[in-house]
Amino acid sequence: MFEAIFGRLTWDSIILVQAVEQPNVNTFITASAAAMMPIGGVMIVALLTWMKWWKPLFEWLTSVDHKKIGTMYIIFAVIMLFRGVVEGMLMRANQAVGLNGGFLSSDHFNQLFTTHGTNMIFFVAMPFLFGLINIVVPLQIGARDVAFPRLNQISLGLTAAGGFLFMISLMIGEFSTGGWTGYPSFTGRLVNPGVGPDYYILAIAISGIGSTLTGVNFSVTIYKMRTAGMNFMRMPLFTWTALCTSILLIFAMPPLTACCAMLGLDRFLGFHFFTNDMGGNLMNFINLFWMFGHPEVYILVLPAFGVMSEIASTYSGKRLYGYTSIVAATMCIAVLSFTVWLPHFFTMGQSATVNAAFGVATMLIAIPTGVKIYDWLATLWGGRIRFTAPMIYLCGFFVLFTIGGLSGVILASPTLDYQLHNSQFLVAHFHNVIIPGVLFGILAGIHIWFPKIYGFRLMESYSRITAFLWAIGFILTFMPLYQTGLMGMTRRTVAYEDPALVPWMIVSGIGALVLGLAFLFILLTIFVSVLNRKKLAVPFGDPWDGRTLEWWTPAPTPEWNFAVLPKVNGVDAFTEAKAKGTAYQPIEKYEDIEMPANTYYGLIIAAMASGFGFGLVWHMWWLAIASLLGAIATAIIYAFLPQKTYIIPAAEVREIDEAWRRAARESRGITRDDESNEANKGLARPDNITNP
Amino acid sequence: MEKNKEFRHYLIGFVLATVLTIIPFTLVATVGGKITFFVLILCAILQLIVHLRFFLHLAFKGQQREDLQLVLFTGLILLIMVGGSIWVLGDIYNRM
Amino acid sequence: MSSSTRQSLHPGLNLGEEHGDDHLEAETSVFGFWVFMMSDLVTFGMFFAVFATTMPLPCCPGPKELFDLGSVAWQTAFLLASSLTSGMAILTLKQEHAAQGACTKKLVFWLLVTVLLGCGFLYREISDFISMAAAGGPPTRSGYLSALWSLVGLHGLHVTGGLIWCLVIVAGILVRGVDLRWKLTLLRWAVFWHFLDVVWIAIFSFIFLGGLL
């Protein structure tokens, strides 16, 4: 009977039990990490109860407001980033003492690199980016919300469900040891019948469905909900990159869903998609996975490029140079990204012709990126540059991302790749493009748009230190890996035998400590900023002399975004309005605003998806079936329930909006000299030396 | 009348699709061979167009640009992905 | 067919201006669903790609032993007919339900006929699967069979989903009447149903007929 209820779940599956039964370094580390979850959970429940924050919590969890959903994505990502950084630090620590064996067992190390990669891509980078896109894009196009607010909530729920499965694997069971790429037949039923690969498949497939729906949502939002006068060539660059990212999501997530489903069929039902015998072919998985995997890296980096565009123009007080060429380059990257999946497996047996064709295509895709970098440099030239934290990230990006891109061009040559594939050189390359590219963009984006949502800036000094720590930490940790890769050290290896590698590993280990410190500084920055929020307040909503529509609202932005939807006549409509003096003129007519009401839909789907995944992993079939039926029933029931909205009366909108406009007209504002000090209340006065 | 026109649209599509189905079925059941293969592909593509035109009301004129862009772009992506897979996996198979 | 650009706000059959605001509301909803359909098509495409690159093994049963061309012809006929009847349903929606409170009998009739034809399709398909398994061709037998069963099975799952969806719509129309929400759902469902037939063209052409060549 126990088997019917609990499937293959036993007491031994729980890491805390394992730690007691077999105490060693590995179980101790894992158990301590896992214990953080119940302990943290209890602490959070206590905090919520003591501060009476349960009702606000559920208001947030049932909200369909894009700003709240975006914030929740980011909070989720920060928590997962903590785990990801710890995993990375553990691996680097092991490698620093890894000559002839470190302190981790190979099984533990293998789980670490698998969870580190899976976590960082699916539960850190993508949620961070979805969070930024959620918060910013509707504001930048002058809309009140996304096209499908409830679907937005469901996407968040599915991502959270995937994250839940990923986190629970730390405590109950184990995770896959097959890397974030999860190739069969290693992850097939024969070699790894345990729960690890099942957790992996379900975590990424479930969150992958959420990501696909996000792609649908945002592409429709950008296509259909732009404000009057905003044709495509007047959209801000961040919105352009969000559009291209959405297109990539729509077409690149299905291959992942498909290959995960096929691997799942192999594992659960004994199919022969990827087995070594009976007509299976693991190359099909690899082919499908990278057909997802390559566009995926562009999904990660394109929004970061969008942020770089915003930084370049905003913090140099200049219009973006070469708007058309950057848009064209972004679209080229988006389309070309579907044609270059094969270089991820040059060594898997294709002929030289096939390899060469894809190698050339990959080198081509570097060209539009180069165009963008030149455009950003040209934007900075002659501008009123402020060396704020985002500008530090941009400059770090210019130097470091270029190196990473160049190492990518090296890897794009099949001949060279045969030597470098799966060595530490590859590890150095992709961290070199992800950290100075994606992460810098994310952190800069948070610094830029945080004041818009919360009404106060992040403390500039702390943000700058954070930026420098990330740059230095990255350089120390990953630059040595280029060298060790060239010296022949492979990736994903718990130990090595060449003593010449040791000094490089030690430097890299020190770098990992710096990265850990950098992460702590993110938390510290937010903490200190919250403590000083009155001094840092920017109620007028335009702390950086912004150029695009999102800066044309008070801060914190009211839930309806714009009291009256703006009409635009060109790129950088807000700058134009400020120059003409019409930015804060009173508006004659206000109307009632109808907003979608809160709903439990996303929360319920999240719970059902979690149950479905957990049930499948542990062969608790009743749980899987009940969750699936529950999800379907939920959808049917919600189809019959009326879709509630609530009205915000015009009088209320008028009161808030008029007060803001009047105060803005009557205040003086600051020049960029005072941007980083207390005088900045979010109102901009033109510098005499600004180039429009 | 407009209503009859719309109804006839569906009916024409149905008839065309039926013809384009009967041809390949009959050919495969009786003749077979390489020519049948090409006729099969041709009929499939034509029937796809019939469905898109008469059932799904896609056209080159008379609708928003993004609607056609969407389907054409998807077609391109499918061509690259499916065609590319066949090319790559076929190449690997030949070298085994 | 609505041919002026103003009438055509989204791909597929538009409600038309007689439906007033409902016609305008449909633009975002139906376009969004088409976008989702495109991603679904790519998922099918991936199963096709795997199928196309998996050869039948000499040891195990293949197309000639397992395929029943007559049954496939019946399934094709059922699905194509159901495409026509679903079109009739949407035409009825467009032409007779511009105002609220019109009689829903004709609409429900065409929807139920579609469900019936869809059930016929599923019945034949499931029977075929059962006889294939009995003839030594279950999906666990070879890579080719895994690819075949999963691709055809994925389509069958979609058909099942579409039928359940249609029944929910019928229930909704009978309980709530043909208001904006059910109109939009119907438009989306019709797009879904037509795309199932589009995918079926590829399946019967390349899997069944192609396999027998």
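Among (1) over 30 Å from C:Gly143 (Cα atoms); (2) surrounded by fewer than 18 Cβ atoms within 10 Å (Cβ to Cβ); (3) within 26 Å of the chain's Cα centre (by Cα), there is one condition C:Leu69 misses while meeting the rest; what is its number?
(1)
Residue check: is C:Phe121 in a helix (DSSP H, G or I), at pLDDT below 95 and more than 14 Å from chain A (Cβ to nearest Cβ)?
Judged against the criteria, C:Phe121 is not a match.
When both residues are 6+ apart or on different chains and their Cβ atoms are under 9 Å apart, which pairs have a first residue that lies in the range A:299-313 and is more than 17 Å from A:Met120 (Cβ to Cβ) and part of a helix (DSSP H, G or I), and a second that is acidic (Asp, Glu) and modelled with pLDDT of 95 or more?
A:Ser309/A:Asp375; A:Ala312/A:Asp375
Is at least one residue of the range A:301-322 within 19 Å of A:Ile206 (Cα to Cα), in contact with a Phe, Trp or Tyr (Cβ under 6 Å, 6 or more places away or on another chain) and either at pLDDT 95 or above or polar (S, T, N, Q) (or both)?
no
Scan the range A:626-673 for residues that are loosely packed, with under 12 Cβ neighbours inside 10 Å and outside any helix (DSSP H, G or I) and jot them down.
Of everything in the range A:626-673, those that are loosely packed, with under 12 Cβ neighbours inside 10 Å and outside any helix (DSSP H, G or I) turn out to be A:Leu641, A:Pro642, A:Lys644, A:Thr645, A:Tyr646, A:Ile647, A:Arg668.
For the range A:319-344, give me the residue count where each residue is free of Cβ contacts under 8 Å to residues at least 40 places away in the same chain and among the charged types (D, E, K, R).
0
For the list (1) more than 8 Å from every other protein chain (Cβ to nearest Cβ); (2) modelled with pLDDT of 95 or more, I need the number of the one condition that C:Val168 fails.
Of everything listed in (1) more than 8 Å from every other protein chain (Cβ to nearest Cβ); (2) modelled with pLDDT of 95 or more, C:Val168 misses just condition (1).
Given the conditions (1) of a type outside the set (Ser, Thr, Tyr); (2) more than 9 Å from chain C (Cβ to nearest Cβ); (3) touching a helix residue (DSSP H, G or I) at 6+ places or on another chain (Cβ under 9 Å), which single one is not true for B:Glu6?
If we test B:Glu6 against (1) of a type outside the set (Ser, Thr, Tyr); (2) more than 9 Å from chain C (Cβ to nearest Cβ); (3) touching a helix residue (DSSP H, G or I) at 6+ places or on another chain (Cβ under 9 Å), just (2) comes out false.
From B:Val71, B:Val82, B:Val50, B:Val88, grab the single residue that is assigned by TED's automatic domain parsing to the domain that holds B:Gly13 and buried (at least 16 other Cβ atoms within 10 Å of the Cβ).
None of the other options fit; the residue is B:Val50.
Determine the pairs where a residue that is within 12 Å of C:Gly45 (Cβ to Cβ), located within the range B:68-96, has a partner that is in a loop (DSSP other than H, G, I, E, B) and among the hydroxyl-bearing types (Ser, Thr, Tyr) with Cβ atoms under 8 Å apart, the partner being 6 or more residues away or on another chain.
B:Ser85/C:Thr53; B:Ile86/C:Thr53
Quick check, is A:Lys644 closer than 30 Å to A:Leu156 by Cβ and of a type in the set (Lys, Arg)?
Answer is yes for this residue.
Considering each of C:Ser142, C:Ser131 in turn, give the residue that is within 11 Å of chain A (Cβ to nearest Cβ), within 30 Å of A:Leu269 (Cα to Cα), in contact (Cβ under 8 Å) with a residue 12 or more places away in the chain and not aromatic (Phe, Trp, Tyr).
C:Ser142
State the number of residues belonging to the range A:229-273 that are in a loop (DSSP other than H, G, I, E, B) and either among the aliphatic types (A, V, I, L, M) or closer than 15 Å to A:Val136 by Cβ (or both).
Summing the residues that are in a loop (DSSP other than H, G, I, E, B) and either among the aliphatic types (A, V, I, L, M) or closer than 15 Å to A:Val136 by Cβ (or both) in the range A:229-273 gives 3.
Can you find even one residue in the range A:63-73 that is basic (Lys, Arg), closer than 20 Å to A:Leu520 by Cβ and crowded, with 16+ Cβ neighbours inside 10 Å?
No, that holds for no residue.
Only residues that are surrounded by fewer than 17 Cβ atoms within 10 Å (Cβ to Cβ) and not in a loop (DSSP other than H, G, I, E, B): list them for the range B:19-36, please.
Within the range B:19-36, B:Val19, B:Ile22, B:Thr26, B:Ala29, B:Thr30, B:Lys34, B:Ile35 qualify.
As an exercise: evaluate C:Ser146 against (1) in contact with a His (Cβ under 6 Å, 6 or more places away or on another chain); (2) more than 24 Å from C:Gln75 (Cα to Cα); (3) in a helix (DSSP H, G or I) and give the number of the one condition it does not meet.
Here C:Ser146 clears every test but (2).
Quick one: would you say A:Leu213 is more than 22 Å from A:Leu300 (Cβ to Cβ) and either surrounded by 24 or more Cβ atoms within 10 Å (Cβ to Cβ) or within 10 Å of chain C (Cβ to nearest Cβ) (or both)?
Here the answer is no, as A:Leu213 does not meet what is asked.
Determine whether the range A:144-166 contains at least one residue that is away from every other protein chain (no Cβ under 14 Å) and more than 17 Å from the chain's Cα centre (by Cα).
Checked against the condition, which is being away from every other protein chain (no Cβ under 14 Å) and more than 17 Å from the chain's Cα centre (by Cα), the range A:144-166 yields at least one hit.
Table: residues versus (1) assigned to a loop (DSSP other than H, G, I, E, B); (2) not aliphatic (A, V, I, L, M).
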{"site": "A:Gly142", "(1), (2)": "yes, yes"}
{"site": "A:Gly157", "(1), (2)": "no, yes"}
{"site": "A:Ala160", "(1), (2)": "no, no"}
{"site": "A:Ile168", "(1), (2)": "no, no"}
{"site": "A:Thr177", "(1), (2)": "yes, yes"}
{"site": "A:Pro184", "(1), (2)": "yes, yes"}
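Quick check on the range A:262-279: of everything there that is surrounded by fewer than 23 Cβ atoms within 10 Å (Cβ to Cβ) and facing chain C (nearest Cβ under 8 Å), which residue is nearest to A:Val220 (Cα to Cα)?
A:Leu265
For the range B:44-66, give me each residue that is at the interface with another protein chain (Cβ under 7 Å from one of its Cβ atoms) and assigned to a helix (DSSP H, G or I).
B:Ala44, B:Gln47, B:Leu48, B:His51, B:Phe55, B:Glu66
For A:Thr10, only one of the following conditions fails: (1) exposed (fewer than 12 other Cβ atoms within 10 Å of the Cβ); (2) more than 27 Å from the chain's Cα centre (by Cα); (3) farther than 22 Å from A:Glu87 by Cα. What is its number?
Only one criterion is unmet by A:Thr10, namely (1).
If the requirement is being of a type in the set (S, T, N, Q), in contact (Cβ under 8 Å) with a residue 12 or more places away in the chain, away from chain B (no Cβ under 14 Å) and assigned to a helix (DSSP H, G or I), which of these qualifies: A:Thr415, A:Thr379, A:Thr347, A:Thr362?
Being of a type in the set (S, T, N, Q), in contact (Cβ under 8 Å) with a residue 12 or more places away in the chain, away from chain B (no Cβ under 14 Å) and assigned to a helix (DSSP H, G or I) holds for just one of A:Thr415, A:Thr379, A:Thr347, A:Thr362, which is A:Thr379.
Could you list, in sequence order, the residues of the range A:216-243 that are under 23 Å from the mean Cα position of the chain (by Cα) and within 14 Å of chain C (Cβ to nearest Cβ)?
Result: A:Val216, A:Asn217, A:Phe218, A:Ser219, A:Val220, A:Thr221, A:Ile222, A:Tyr223, A:Leu243.
Does C:Trp149 qualify as being without any contact (Cβ under 8 Å) to a residue 60 or more places away in the chain, within 12 Å of another protein chain (Cβ to nearest Cβ), surrounded by 16 or more Cβ atoms within 10 Å (Cβ to Cβ) and within 23 Å of C:Leu57 (Cα to Cα)?
So C:Trp149 fits the description; yes.
Looking at the structure I just gave you, is C:Gly120 farther than 25 Å from C:Asp21 by Cβ, in contact with a Pro (Cβ under 7 Å, 6 or more places away or on another chain) and surrounded by fewer than 23 Cβ atoms within 10 Å (Cβ to Cβ)?
No.
The values are calculated or read from the model by the stated rules, or taken from the named source; none is laboratory data. Just so we're clear, the structure is a prediction, and the values are computed from it rather than from any experiment. In this analysis, Cβ positions are derived from the backbone assuming ideal geometry, glycine residues included, and neighbour counts consider all displayed protein chains.
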